[in-house]
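Worksheet: the structure to be examined is printed underneath.
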Amino acid sequence: MPQALLDVIQSRVLLCDGAMGTQLQQAGLEAGGCGEAWNVDHPERVKAIQQRYRDAGSDLIITNTFGGCRITLGRHDQQGRAAELNEAGARVAREVMGAGRWVIGDIGPFGGIMAPLGDVEPEDVAAAFLEQARALVRGGVDAIIVETQTALEELELGVEAAKRAIGEAGKTGQIAVIGSMAYDRTKSGPPRTMMGVTPAAAAEKMAALGVDIIAANCGTKIGITEYADIVRLYSEAVPGKPLMAQPNAGMPEIIDDKIVYHETPEMMAAGLQALVDAGARIVGGCCGTTPEHIRHFRREVDRINSGR
Ligand SMILES: [Zn+2]
């Protein structure tokens, strides 16, 4: 077990990883395929991607388990493998990172809308997240991130599942819980999630839920510049709480049937100082970011940490 994450970020900024999905597709995963199955079926391919992030300088790696709850896996007819695929995802990442760096277990959205607005029962979502969180804890993660969330109700179920799984394992206080929302640009006013949640409302809710690190990732029509605003709004809402930011590489465009992201490693690295000034203690990238982005981030984070 590496040094406690929450202690380390008091004294220095840590660097997380970049996108996973696009890297899996480059490694041969067909569009719409089940990337989480690779944790067991092709672990060497998952490891190769995570090794590139580690070698580029990531202090933390997020497990390849974004779509790993049984509801999401059910779309690939893999729902019976949820425990196996999540535990393997944690172990694969640990093998890559060793004992000296951190592994964050990933819980993504279940991919639907809960009753009463939608047709999925909250109890089913809670059970799916709990099964996933337990497997990630068994696999030896240092933290669990409930990420790319747009609804506070679903975020709460994910956070509660993570806390319960950690508590059952007797690891309360040793495994950190991170909550992360995905915001979209609005015509005026602060960014909001697809479900209308503002950064201030999300931060207050997460603090009330006892989340250890409050984060933002992904989002629509926002890049690293807008992320500084989100982090600042978090800081104002919950002063002193550790914050984390993982922006996309800008807004994607479809060119020749391919999704293209325009923010270069240099452009994004130049935006990191503003994120840290706004209060971020962990930075990384979401969709469209690559090991090359992380390599540039590493140099910039080292400069920031050295106080130059
Ligand atoms: Zn993303």
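Remarks
- Exclusive hit being surrounded by 15 or more Cβ atoms within 10 Å (Cβ to Cβ), within 16 Å of the ligand (Cβ to nearest atom) and β-branched (Val, Ile, Thr), set ILE49, ILE71, ILE9: ILE49
- Test: GLU236 is of a type outside the set (A, V, I, L, M, F, W, C), touching a helix residue (DSSP H, G or I) at 6+ places or on another chain (Cβ under 8 Å), within 24 Å of ILE49 (Cβ to Cβ) and modelled with pLDDT of 95 or more: no
- Selected residue (criterion: surrounded by the fewest Cβ atoms within 10 Å (Cβ to Cβ)) from residues of the stretch 280-308 that are of a type in the set (S, T, N, Q) and more than 13 Å from ASP17 (Cα to Cα): SER306
- Residue match in the stretch 152-162 (condition: modelled with pLDDT of 95 or more, surrounded by fewer than 23 Cβ atoms within 10 Å (Cβ to Cβ), touching a strand residue (DSSP E or B) at 6+ places or on another chain (Cβ under 8 Å) and within 25 Å of MET244 (Cα to Cα)): yes
- Qualifying positions in the stretch 163-192 - touching a residue at least 40 places away in the same chain (Cβ under 8 Å), within 16 Å of the ligand (Cβ to nearest atom) and surrounded by fewer than 18 Cβ atoms within 10 Å (Cβ to Cβ): ARG185
- Qualifying residue in the stretch 19-26 (condition: outside any helix (DSSP H, G or I) and buried (at least 20 other Cβ atoms within 10 Å of the Cβ)): yes
- Residue check: PRO247 meets all listed conditions (1) more than 16 Å from the ligand (Cβ to nearest atom); (2) modelled with pLDDT of 95 or more but one, namely (1).
The values are calculated or read from the model by the stated rules, or taken from the named source; none is laboratory data. Since we're looking at a predicted model, the values are computed, not measured. Positions of Cβ are generated from backbone atoms using ideal geometry, with glycine treated the same way; all protein chains shown enter the neighbour counts.
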